[in-house]
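Let me begin by presenting the structure, written as C-alpha cells, before commenting on it.
The values are calculated or read from the model by the stated rules, or taken from the named source; none is laboratory data. Since the model is a prediction, treat every value here as computed from it, not as a measurement. Positions of Cβ are generated from backbone atoms using ideal geometry, with glycine treated the same way; all protein chains shown enter the neighbour counts.
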Amino acid sequence: MFSLDSALAHVRAHKDYVLQELIDFAAIPSISTLPEHKPDMGRAAEYVAKVLKSMGMNKVAIMPTDGHPVVYGEWLNAPDKPTVLVYGHYDVQPVDPLDEWHSNPFEPTVRGDNLYARGASDMKGQDIAFLAAIASSLQHGGGLNANVKILIEGEEEIGSPNLAKFLATHKDLLKCDFSLNADSGILRPDLPAIIYGLRGLAYFELWVRGPEHDLHSGAFGGIVHNPAQVLCELIAGMHDADGRVTLPGYYDKVRVLTDEERADFARIPYDEARALQEAGNPPMHYGEKGYTNVERTGARPTLEINGLYSGFIGEGSKTVLPCKAMAKISMRLVPDQDPEEVESQLREYLTRNAPPTVTWDLKAFGKGPGVLTLRDSIGSKAAAKALETVFGVPPVFRREGGSVPVVSQIKEILGVDSVIMGFGLPDDNLHAPNEKFYLPNFYRGIESYIHFFANL
C-alpha cells in the first residue's frame, strides 16, 4: 500500500544525501559535443545506470546508439495503472568562456541558495529530482501508482541526432500512456508552471541570383537588377504593417486562443523593462498587433531573418553590383502548422513576388512541428494538483517559444503526449557561465514529483 507521507518524510530527512548525488553527477564533465569528453560521457552514463539500479529499477541497461548511449530502466509492478516514460538527458554544454566562471564548472559549489555547476539546472538537477522522487516512493512509500520507464539520453545538447532512430527501433520497449519531460522550468521561484505547448521550426536558405559575376555599379547600376535589392524587397514584403506574416495561407491552421488560454497567459509574470534590457535595449517595441508579448512568444508563429550576405562586406568601400544575395530564414511554428506546407507557402510567395530579372533557389534545413498537449489529460491533472499542493498556488499553463525536438519525436514515433514539468528558473544561466540551480526548488521539485506519481 503506497504511503505518501512516508515517501515525503524520507526525502525531507535526507536532503544532504540527495544534494550529494547531484554534486557527484554534476562533477562529471559530460560535454557531448567535444570528442575529448567521450570517456566522460561513458562515466556519466554509468553513473545514471548505478543510480537506477540502486533505486530498484529493472532491466537497467546502457544502450548504444550511433553516438552517445541511452540509459534505460523500468519498474512495471503496478497492474492496471498508467505507464509513464520519464525523459531526461545527462549531457551538458561546453563551459566557454571559462574565465567568466566564479568557480570551477565541474567542481559543484553551493553559494547561498544555489548550486553552481555546468548542468546543474540543464538538466542534471532535474534528473536527480525525479530519480529521488521515484526512489523514495519505491523504497519508502511502498511503490508507485504508475508503471515507470526511464530514458536518459546523452545527446540532447547537440540536437538528439540519434534519438528518433532509437525511439523507432525500441518502440515496443518504450510503449507508454504518456511521457514526463523534466527538461523545463518555471518563471518565478514561487509560481509553478506546466508547459503545454511548444513551437516548431522551419529553417531555410534563400539565394537570389542575377548576372554571372559581380559588376561595376557605375557601368551597370540602374540597368541590371541588383539581386541584393531584390532580396531586400522580398524580405520586406514578408510582413505587413501589423507585424503579420504575408505568406499565402500562413495562418490558415493557426488556432485562435481561447478565453481560458488568454486568462492563463495574463497570469504569467512578465517584466517588460527587464525583457527589453535582456534584448539589449532596442529603441522601439515591435510585435504582431493584437497580442501581448507573452502570447506572441508562445502561441503565435513568426518569420525571422537570421542572416544576410551579398556583395562587398569588408571595411572601406567597393562600388560593386553583386551577382547574388542570400538570406537565412527561420519560422517558429505553432501547433497544427505543417513545416512542409509552410515551405510550399514560402515557395508560392517567392514565385508570386520575385521579378523575372533574377532567379532564386530555396534550400530547406531543419524542420519540426509544434506540439500542443491536452491540459485536462490524466498526466496534466496529476501534475497540476501536485504543483498546487507543494507550492500552495495553482500552476500557470504556458506555451514555450522555443522547440524541444524530443517532445515532437515522442509524439510522432510513440504516439503519446508529454507532460512538461521542470523547476529551472529564467536566471539559471543555461548554456552560459555560472549556471546554477535554485536549491529550494530542487527540493520542492522532488516533492512535486512524489505527489505527481501518487496522484496517478
Quick check on the range 166-174. Is at least one of its residues surrounded by fewer than 24 Cβ atoms within 10 Å (Cβ to Cβ), basic (Lys, Arg) and in contact with a Leu (Cβ under 9 Å, 6 or more places away or on another chain)? yes
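Hey, could you check the range 272-304 for residues that are among the basic types (Lys, Arg) and part of a helix (DSSP H, G or I) and say which is surrounded by the fewest Cβ atoms within 10 Å (Cβ to Cβ)? Quick ask: steps written out before the conclusion?
Initial filter on the range 272-304 (among the basic types (Lys, Arg)): 274, 289, 296, 300.
Now restrict to residues that are part of a helix (DSSP H, G or I): 274, 296.
On the way: Arg274: 10, Arg296: 17.
My answer is Arg274.
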Complete set of residues in the range 385-437 that are among the hydroxyl-bearing types (Ser, Thr, Tyr) and in contact with a Ser or Thr (Cβ under 6 Å, 6 or more places away or on another chain): Ser418
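Whether any residue in the range 282-298 is among the aliphatic types (A, V, I, L, M) and not assigned by TED's automatic domain parsing to the domain that holds Arg352 is what I want to check.
Residues of the range 282-298 among the aliphatic types (A, V, I, L, M): 284, 294.
Adding the requirement that they be not assigned by TED's automatic domain parsing to the domain that holds Arg352 leaves 284, 294.
Yes, the conditions are met somewhere in the range 282-298.
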Against the conditions (1) surrounded by fewer than 17 Cβ atoms within 10 Å (Cβ to Cβ); (2) in contact with a His (Cβ under 7 Å, 6 or more places away or on another chain), where does Gly366 fall short? Just the number, please. (2)
Filtering the range 110-139 down to residues that are in contact with a strand residue (DSSP E or B) (Cβ under 9 Å, 6 or more places away or on another chain) and farther than 19 Å from Phe423 by Cα yields Leu138
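Check the range 147-156 and report whether any residue there is of a type in the set (S, T, N, Q), touching a helix residue (DSSP H, G or I) at 6+ places or on another chain (Cβ under 7 Å), assigned to a strand (DSSP E or B) and assigned by TED's automatic domain parsing to the domain that holds Glu435.
no
Report, by residue number, each residue of the range 194-221 that is in a loop (DSSP other than H, G, I, E, B) and modelled with pLDDT of 95 or more.
Kept after step one, since they are in a loop (DSSP other than H, G, I, E, B), are these residues of the range 194-221: 199, 210-214.
Within the range 194-221, Gly210, Pro211, Glu212, His213, Asp214 qualify.
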Number of the condition not met by Glu295 [criteria: (1) touching a helix residue (DSSP H, G or I) at 6+ places or on another chain (Cβ under 7 Å); (2) over 30 Å from Phe397 (Cα atoms)]: (2)
What tally of residues in the range 305-361 results from selecting those that are under 23 Å from the mean Cα position of the chain (by Cα), among the β-branched types (Val, Ile, Thr) and not in a strand (DSSP E or B)? 2
Here are some conditions: (1) touching a strand residue (DSSP E or B) at 6+ places or on another chain (Cβ under 9 Å); (2) at pLDDT 95 or above. Gly316 meets all but one. Which one does it not meet? (1)
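Step by step: first the residues of the range 84-129, then only those that are among the β-branched types (Val, Ile, Thr) and in contact with a helix residue (DSSP H, G or I) (Cβ under 7 Å, 6 or more places away or on another chain), then the one that is nearest to Gly379 (Cα to Cα). Which residue is that?
Of the residues in the range 84-129, the ones among the β-branched types (Val, Ile, Thr) are 84, 86, 92, 95, 109-110, 128.
With in contact with a helix residue (DSSP H, G or I) (Cβ under 7 Å, 6 or more places away or on another chain) added as a condition, the list becomes 86, 92, 128.
Details: Val86: 12, Val92: 28, Ile128: 20 Å.
So the residue we want is Val86.
Considering each of Gly159, Gly142 in turn, give the residue that is surrounded by fewer than 17 Cβ atoms within 10 Å (Cβ to Cβ), more than 30 Å from Ala299 (Cβ to Cβ) and out of contact with any strand residue (DSSP E or B) (no Cβ under 7 Å at 6 or more places or on another chain). Full working, then the answer.
Details: Gly159 fails: more than 30 Å from Ala299 (Cβ to Cβ).
Exactly one residue qualifies, and that residue is Gly142.
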How about the range 1-59: which of its residues are among the polar types (S, T, N, Q) and surrounded by fewer than 20 Cβ atoms within 10 Å (Cβ to Cβ)? Ser3, Ser6, Gln20, Thr33, Ser54, Asn58
Out of Asp80, Asp99, Asp66, Asp113, sole residue that is within 25 Å of Glu155 (Cα to Cα) and charged (D, E, K, R): Asp66
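Is there a residue in the range 205-226 that is under 25 Å from Gly370 (Cα atoms) and touching a residue at least 24 places away in the same chain (Cβ under 8 Å)? Give the derivation first.
Going through the range 205-226, the residues under 25 Å from Gly370 (Cα atoms) turn out to be 205-206.
Next cut, touching a residue at least 24 places away in the same chain (Cβ under 8 Å) only: 205-206.
Among the residues of the range 205-226, at least one is under 25 Å from Gly370 (Cα atoms) and touching a residue at least 24 places away in the same chain (Cβ under 8 Å), which makes the answer yes.
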Per the filter on the range 183-211, residues over 18 Å from Met123 (Cβ atoms), of a type in the set (Asp, Glu) and touching a helix residue (DSSP H, G or I) at 6+ places or on another chain (Cβ under 7 Å) are Asp190
Quick one: would you say Lys367 is among the basic types (Lys, Arg) and modelled with pLDDT of 95 or more? no
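This table checks each residue for (1) surrounded by fewer than 22 Cβ atoms within 10 Å (Cβ to Cβ); (2) free of Cβ contacts under 8 Å to residues at least 24 places away in the same chain; (3) within 25 Å of Val334 (Cα to Cα).
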| position | (1), (2), (3) |
| --- | --- |
| Ser408 | yes, no, yes |
| Gly415 | yes, yes, yes |
| Gly422 | no, no, yes |
| Leu430 | yes, no, yes |
| Phe442 | no, no, no |
| Ile446 | no, no, no |
| Ile450 | no, no, no |
| Asn455 | yes, no, no |
